[in-house]
Amino acid sequence: MHCHVKIELQLESLERAVRMLAYDDGEATPFAMAIIAAARSHFSGPAVRHTADEEASLFPRLRRFASDSENGLLAALKELEGQHQDLDVVHARFDELIDIAGPEPGPGQIDVDELELTVGEMLGIYRPHIQMENEIVYPEAARILSPGELLAVGQEMRARRGLA
């Protein structure tokens, strides 16, 4: 859930950066681009590890230990994995828009309308995604998985981050 807070903060920052670019008189572009660069860095590093934590460690265990009566959980896992794929596509489009603009774009060098649509699409996927994980998946993980399984998930997460 801590990762979700960080993702939400990055999304809020991107919303602000897009607004800055939309109403830019030339002075806000460097600040907006710094915000965008920070968000990009987060989404290409910590957020990628977070997805791996779910898809490689948590979701397989939930599938293995979920009973047949937990169809809602299994459906949620399938939906979340589809959203991960959708986010990969949206992030690629976002990166392309920023790359086209170049490292130090001036006013008018960024397709702000397309950037706004892309960030809006991110928000439209991430927010319900995070809500589903927080309200369904994580409580079910705490209920279904043994302390040993939860410890194993935590150890795998630390290993992905290079922590002992």
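Only the coordinates and a few stated rules stand behind these numbers; no lab work does. This is a predicted model, so every value here is computed, not measured. Note: ideal-geometry Cβ built from the backbone for every residue, glycine included; neighbour counts use all protein chains shown.
Table for the structure above
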quantity	calculated
Subset of region 64-90 (residues that are more than 17 Å from the chain's Cα centre (by Cα), under 20 Å from Q131 (Cα atoms) and part of a helix (DSSP H, G or I))	N71, G72, L73, L74, A75
Count of residues meeting criterion [of a type outside the set (A, V, I, L, M, F, W, C) and in a loop (DSSP other than H, G, I, E, B)] in region 22-63	6
Failed item in (1) acidic (D, E); (2) surrounded by 12 or more Cβ atoms within 10 Å (Cβ to Cβ); (3) over 22 Å from H42 (Cβ atoms), with D68 passing the rest	(2)
